[in-house]
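Colleague: First, the structure itself, so that you have it in front of you.
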Amino acid sequence: DARVTQTPRHKVTEMGQEVTMRCQPILGHNTVFWYRQTMMQGLELLAYFRNRAPLDDSGMPKDRFSAEMPDATLATLKIQPSEPRDSAVYFCASGGRLRTKNIQYFGAGTRLSVL
Amino acid sequence: GQQVMQIPQYQHVQEGEDFTTYCNSSTTLSNIQWYKQRPGGHPVFLIQLVKSGEVKKQKRLTFQFGEAKKNSSLHITATQTTDVGTYFCAGLNQAGTALIFGKGTTLSVSS
C-alpha cells in the first residue's frame, strides 16, 4: 500500500531550536508539496517541487524556513530558529503520476509544538 | 489572487439528516477536487470533477461542478457518525501546478 511517509510524527522543541521534518513521497511521484495547517489559517501551501526542482516557495517565511529535495525519495522542511507561532501540523503531499497527476496524497503529518 | 471559499465553516447535524457544503472560486477552474480529513488525520482524496455541470456519486455522497466551473457542492444524504470530519474543496491554480484549498467545512454528527 503506497503511502507518503513523514517523520517525526510529533516534535516538541524550545524556541530558537532547529527543527527538521522529513518526507518520503510515493515512489514514482515527481511532485512534492509542503503544507502547514492551523485552526486559524487552515491549509497553507508553503512550497512545492517538481522533479526535485523548487517550483514555488512564496508561501514560506524565507528568513527561517527552508525546503529541499536532496534526492527523489526525500524532501525536507527546516525551521531555524523555531518560534512558538510555528506550532502547527505540517503535511507533505506527493503527486504526479500521469493518470492521477493532479491528485495529492498526503502523509500523516508532523505535529510541531514550539514552547 | 486566486481564492477558493467554502461555506459553511462548521455544521452540526443529527444522524440521518442531510448535509451540504458549498465551494466558490474567484476564477474559472479546470477541475475541482474534494478531500476529507478525519479528526486527527490527514486530507484524503475523494473525487475530481472536470466537466462543466458534472455530477458524480459515491454511495451517499453527491458531488456537483457548476456550469460556469466556478462553484461546486458536496451533498451527503442521511449522515452517519462516520461522516464526521472536515471536507475541503480544492482547485488547480492558473499555472496548473498546485491546488488551492478552501478552508474546509467541519461536519459533526450526533447520534
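Colleague: Look through the range A:67-78, keep the residues that are surrounded by fewer than 17 Cβ atoms within 10 Å (Cβ to Cβ) and under 13 Å from the mean Cα position of the chain (by Cα), and return whichever of them is farthest from A:A88 (Cα to Cα).
Modeller: Result: A:L74.
Colleague: Please find, among B:T82, B:T86, the residue that is farther than 26 Å from A:P54 by Cα, free of Cβ contacts under 8 Å to residues at least 12 places away in the same chain and not in a loop (DSSP other than H, G, I, E, B).
Modeller: Answer to the check: B:T82.
Colleague: Within the range B:18-60, how many residues turn out to be of a type in the set (S, T, N, Q) and without any contact (Cβ under 8 Å) to a residue 60 or more places away in the chain?
Modeller: Final tally of qualifying residues: 7.
Colleague: Okay, next question. Which one is farthest from the other protein chains (Cβ to nearest Cβ), of the residues in the range B:34-46 that are surrounded by fewer than 16 Cβ atoms within 10 Å (Cβ to Cβ) and either of a type in the set (D, E, K, R) or assigned to a strand (DSSP E or B) (or both)?
Modeller: Among those that are surrounded by fewer than 16 Cβ atoms within 10 Å (Cβ to Cβ) and either of a type in the set (D, E, K, R) or assigned to a strand (DSSP E or B) (or both), it is B:R38.
Colleague: Also, I was wondering about something else. Of B:Q6, B:Q2, which residue is surrounded by 13 or more Cβ atoms within 10 Å (Cβ to Cβ) and either of a type in the set (K, R) or assigned to a strand (DSSP E or B) (or both)?
Modeller: B:Q6
Colleague: Given the condition among the charged types (D, E, K, R) and outside any strand (DSSP E or B), answer yes or no: does some residue in the range A:65-82 qualify?
Modeller: no
Colleague: Right, another one. So, A:M21, is that one farther than 19 Å from A:V114 by Cα, of a type in the set (A, V, I, L, M) and touching a strand residue (DSSP E or B) at 6+ places or on another chain (Cβ under 7 Å) or not?
Modeller: no
Colleague: Can you go through A:M21, A:M69, A:M60 and tell me which one is at pLDDT below 95 and among the aliphatic types (A, V, I, L, M)?
Modeller: Being at pLDDT below 95 and among the aliphatic types (A, V, I, L, M) holds for just one of A:M21, A:M69, A:M60, which is A:M60.
Colleague: If I go through the range A:14-46 residue by residue, how many of them are more than 10 Å from chain B (Cβ to nearest Cβ), of a type in the set (A, V, I, L, M) and assigned to a strand (DSSP E or B)?
Modeller: 4
Colleague: Another one. Working only within the range B:91-111, note down all residues that are part of a strand (DSSP E or B), closer than 19 Å to B:Q11 by Cα and either in contact with a Leu (Cβ under 7 Å, 6 or more places away or on another chain) or among the polar types (S, T, N, Q) (or both).
Modeller: B:F101, B:T105, B:T106, B:S108, B:S110 - these are the residues of the range B:91-111 that are part of a strand (DSSP E or B), closer than 19 Å to B:Q11 by Cα and either in contact with a Leu (Cβ under 7 Å, 6 or more places away or on another chain) or among the polar types (S, T, N, Q) (or both).
Colleague: Scan the range A:55-66 residue by residue and report those that are loosely packed, with under 15 Cβ neighbours inside 10 Å and within 12 Å of chain B (Cβ to nearest Cβ).
Modeller: If the condition is that a residue be loosely packed, with under 15 Cβ neighbours inside 10 Å and within 12 Å of chain B (Cβ to nearest Cβ), then A:S58 is the only one that fits.
Colleague: Test of understanding: among B:K70, B:K59, B:K51, which residue is basic (K, R) and on the phi > 0 side of the Ramachandran plot?
Modeller: Going through B:K70, B:K59, B:K51 in turn, just one is basic (K, R) and on the phi > 0 side of the Ramachandran plot: B:K59.
Colleague: Which residue pairs have Cβ atoms under 9 Å apart, sit 6 or more places apart or on different chains, and have a first residue in the range A:12-25 that is farther than 19 Å from A:L74 by Cα and a second that is part of a loop (DSSP other than H, G, I, E, B) and among the charged types (D, E, K, R)?
Modeller: A:M15/A:E83; A:G16/A:E83
The values are calculated or read from the model by the stated rules, or taken from the named source; none is laboratory data. Please read all numbers here as calculations on a predicted model, not as lab measurements. Please note: Cβ atoms are built from the backbone with ideal geometry, for glycine as well, and neighbour counts cover all protein chains shown.
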